Each structure stands twice: as C-alpha cells, then as structure tokens.
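**Q** Take this structure first; my questions come after.
The values are calculated or read from the model by the stated rules, or taken from the named source; none is laboratory data. This structure is a prediction, so every number in the text was calculated from the model and none was measured. We place every Cβ from the backbone using ideal geometry, glycine too, and count neighbours over all the protein chains shown.
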C-alpha cells in the first residue's frame, strides 16, 4: 500500500462485503499494535469489547439506532474508558485511586480515542473499511448492559469493521488554512468565514440537505436538525447521570 | 518504511536533533492529511496552533512545567476543541448552535484526539519523533492566553515534534488479553489481575521508581505520587472553571 497516498484519500466505509468475515485473530493482532500508541502515564485506562457474532451485533444495534454501518458490520468494537482495572490494581495494593473526576475523564476520552484511531488506521491499511458511530455517548447505559460492563467502565467510541462493499466519494473538508493557525489563533471576519464554508455549502449534497429539511441554509440544518440544542442537552444529562452512577463526578 | 513494523515498534521521542528544524510546509501538509480522519458529523470542531519559533516555544514551556520534550522541541502543536468557528458560522446564518455541553465537549475531545493521533502517525511515518504532553488540561488558561485563543476554543492536547535524537527502549504494555474482551467484559480475579500487572511491576525501572518514592509498590507510586487524588481534583476544578468561562457547562 502507498502509505502517504492512504492518508490523503482515506474514506469512511459504511457498507461491508456480506460474505466476508473478519477473523478475531486479525482483530486481536491489530489491537495489540494499536495499544502501542501513546497514553497518559502508561496507565492504559481503556478496554475494548469485540463483537463478531451476528446475534451479538444485532443486540448492540438498537443502541446505535440500527444504522446500516452496524447492522451490516462483520465486527463491532466498543472502546471504553476503563478505570475498573486500575482501581482494582490500586485496591489490592493498599492504595486509593483518584481518577473519577474531570481530569481522569478527559484523559480517558483522549487515550481511548487515540487507541481507537490507531486501530482504525491499522485496520484500513490492512484493507478493511471502518466507521465511527457517534451514537455511543447517547446510549452508554444500554450499551454497558448489553456488553456486561462493570462499574467504572464507560463506552466512548464504537467502530464498525468489514471489507469494503462501496467506494464513496472523498468527503469534503474545510480549507486547512481555517484549521491550522501559525503562532497565534487567527479569528476570521464574517466574510472570511463565509469563504471558509463556501465549498461545503455549495456541494449538491448540502443543497439537497437544506431543501429536504426546509431550511434556509446548511448551518440551520446542523444547528436545528442534526444537532439541536435540546437533544444535545438531553443526551448530556443522560450521559452525566450515567457517569455519576459509575462514580465519575464531572 | 515497513508500515506494519512501524505500528508494533512505535516509541515516544522526547529528545530531538538540536540543529535540524521541521519546516512549516511539511507540518501543514501532514495536518492537511490528518484532517481526513473521521470526525463527528464532519463539523470539524477543532483547531491547531503551530509554534516553531524558539521564543514562542519558550513562552509555552512553563505551562508544561518546562519538560525537556518541549524545551528542546522544533515544533509544538496545541490541538484545541474549536466551537468558535462553528458558532460564528451559525450566527451569520441566523441560527443558534448548541454544542456547549457535555456531549459537545466529549465529541470535541474525541475529534481533537483523533486528529492529533492521525497527525502523530503521519509525522512518525515521515521520520519525525513526537511526544504527547499530558499537561495541557492542567494549564489550559495559561496556554490559551499565550496563543491568543478566543472564547470557545479549548486546549486539549499538545504534541512536540522534532527529528529523533534518542532511541529509547520499547515501553512495556499490559498483556493485550487484559485490554481486549470478546463478546462481554471479563472482570479478572485478584490473582488474575496480579498476573496482568506482574511484568510492569517487575521492571527494573518500576522497582527503582518504588524505591525512590519510598513506597511499598508501583500502584502506590501512581495513586499517591504521580496522579494523587487531591491534585487531580484541584486540576479538575481549574479546568471546569476554565470551560465554564468559555461558556461550556458540563
């Protein structure tokens, strides 16, 4: 594989070859390599639950609103913050851990994400397709119950895996100059910001999206349909309550 | 480069060739590729501030306790959650964003981490050495002031970069079987957990660490010296207050 070409052309894959399974041995080997990525203090406060059995995947799917990426997946990996292992280690060594706060949670999300992303890169370089499911933090309690997660283990990211059965167009990104700042943050003017978003807004798919949702512009689709404040706040309350029940107070 | 060999042998690099700079053009190109990694709803709620000027790096260093990895770095990348750009786009489009809550924060940390990790992988595959600094969430306010970050832009991760001037030993990891669970989470017994940590505890460096700190065992060093509850809670209060001042209520 042309390594550098891979990075500039990577795509999320949501449809997988129905007849081609992904071996557990391959997944485990890729996870072992992924765990070599950096993590906070080498505490490795994460775990991953691998589901390859179609019935297990079917049981997980409702928590992810039965998106096609999961219902057709050959493997589903649920990446979790895991304080349980570290806490248990502390307790059998006559000491008390102190990770169940905002710093511990933030390190946990960072380290779990780095681990998941390293797995995704390795999997894609091995010819697999992957998709991140953003629904994991919506229904953490339901996922935890399905996977038998103990206290202090919190689902953060789900990645679906299979051999690609689609070749989607490269998805647009904002101009990199809007993301990268040299020396100091540069805050664009209204006109400069319009320019930053103009390619995204002028895509046919974006125009279709605006029309279907009866909105005036793409920003309204994002802020009022896809990620409306009321839903974000409701899911925030649910996730915070779930974390609190795990003993993690933000 | 042997791609698969890279993943199984990657190392954090904290010392860099003093006379070998890293060009801004190379960094920008690598960041452009890194931004092709997945992100929530393709909202790209992140920014990165690139510091290559030695005086700028010197000004950032105290917030990271002047660790050698930053004082000797040829480039310092501060990866931030950026709601400012998205919020600004919403406002010029007559709509109200709703990301300033726990869900938005969690997505922001995930997406910023994925972006940073993709950059790290690309940089290392280009022969550079990198080091994550976990101090970013300790001193976010100080970093924000140094980099001129506006409201709604929150530092999460710092990565230092340079050409390697050291070849450290491969750092140990817990046995992968303790991290990966098949179908359901498996909670180890006390004896099984002792076995999981035995290699880590028996390293000469760990024994030295225990002795230097006058502790009985390695878990006590982690829970009482490196990451004590009182410090984690204090830094959590500071970070939460900082987030609140950015309008992000957890």
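**Q** Has the range A:26-43 got any residue that is at pLDDT 95 or above, in contact with a strand residue (DSSP E or B) (Cβ under 9 Å, 6 or more places away or on another chain) and closer than 15 Å to residue B:227 by Cβ?
**A** yes
**Q** Taking the residues in the range B:62-83 that are in contact with a helix residue (DSSP H, G or I) (Cβ under 8 Å, 6 or more places away or on another chain) and surrounded by fewer than 19 Cβ atoms within 10 Å (Cβ to Cβ) as candidates, determine which candidate is nearest to residue B:19 (Cα to Cα).
**A** Ranking the qualifying residues of the range B:62-83, first place goes to B:71.
**Q** Follow-up. Identify the residue in the range A:44-58 that is touching a residue at least 24 places away in the same chain (Cβ under 8 Å) and either surrounded by 22 or more Cβ atoms within 10 Å (Cβ to Cβ) or out of contact with any helix residue (DSSP H, G or I) (no Cβ under 9 Å at 6 or more places or on another chain) (or both) and, among all such residues, is nearest to residue A:113 (Cα to Cα).
**A** For the range A:44-58, the residue satisfying everything is A:46.
**Q** Could you count how many residues in the range A:91-113 are crowded, with 21+ Cβ neighbours inside 10 Å, free of Cβ contacts under 8 Å to residues at least 24 places away in the same chain and in a helix (DSSP H, G or I)?
**A** Here the count works out to 2.
**Q** Quick check on this structure: which one of B:108, B:129, B:141, B:134 is under 17 Å from the mean Cα position of the chain (by Cα) and over 30 Å from residue A:159 (Cβ atoms)?
**A** Testing whether each residue is under 17 Å from the mean Cα position of the chain (by Cα) and over 30 Å from residue A:159 (Cβ atoms) leaves just B:141.
**Q** Could you tell me how many of the residues in the range A:164-207 are under 26 Å from the mean Cα position of the chain (by Cα) and not in a loop (DSSP other than H, G, I, E, B)?
**A** 14
**Q** Anything in the range A:2-41 that is surrounded by fewer than 16 Cβ atoms within 10 Å (Cβ to Cβ), facing chain B (nearest Cβ under 7 Å) and closer than 25 Å to residue B:126 by Cβ? List them, or say none.
**A** A:3, A:8
**Q** Filter the range B:109-152 for residues that are within 7 Å of another protein chain (Cβ to nearest Cβ) and within 13 Å of residue B:10 (Cβ to Cβ) and give the result. Spell out how you get there, then give the answer.
**A** Just the residues of the range B:109-152 that are within 7 Å of another protein chain (Cβ to nearest Cβ), to begin with: B:109-110, B:113-114, B:117-118, B:121-122, B:125, B:132, B:134, B:137, B:147-150.
Matches in the range B:109-152: B:117, B:121, B:122, B:125, B:132.
**Q** Looking at the range B:115-143 only, could you name the residues that are in contact with a strand residue (DSSP E or B) (Cβ under 8 Å, 6 or more places away or on another chain), more than 12 Å from residue B:82 (Cβ to Cβ) and in a helix (DSSP H, G or I)?
**A** Selection gives B:116, B:119, B:120, B:123, B:124, B:135, B:136, B:137, B:140, B:143.
**Q** Restricting to the range A:209-230, and then to whatever is in a helix (DSSP H, G or I) and more than 8 Å from chain B (Cβ to nearest Cβ), can you tell me which residue is surrounded by the most Cβ atoms within 10 Å (Cβ to Cβ)?
**A** The residue in question is A:221.
**Q** Among the numbered criteria (1) in contact with a strand residue (DSSP E or B) (Cβ under 9 Å, 6 or more places away or on another chain); (2) exposed (fewer than 14 other Cβ atoms within 10 Å of the Cβ); (3) under 30 Å from residue B:249 (Cβ atoms), which single criterion is violated by residue A:190?
**A** Result: residue A:190 passes all but (1).
**Q** Could I ask something else about it? Out of (1) within 7 Å of chain A (Cβ to nearest Cβ); (2) part of a loop (DSSP other than H, G, I, E, B), the odd one out for residue B:157 is which?
**A** (2)
**Q** So which residues in the range A:171-190 are more than 8 Å from chain B (Cβ to nearest Cβ) and farther than 17 Å from residue A:218 by Cβ, if there are any at all?
**A** A:177, A:186, A:189
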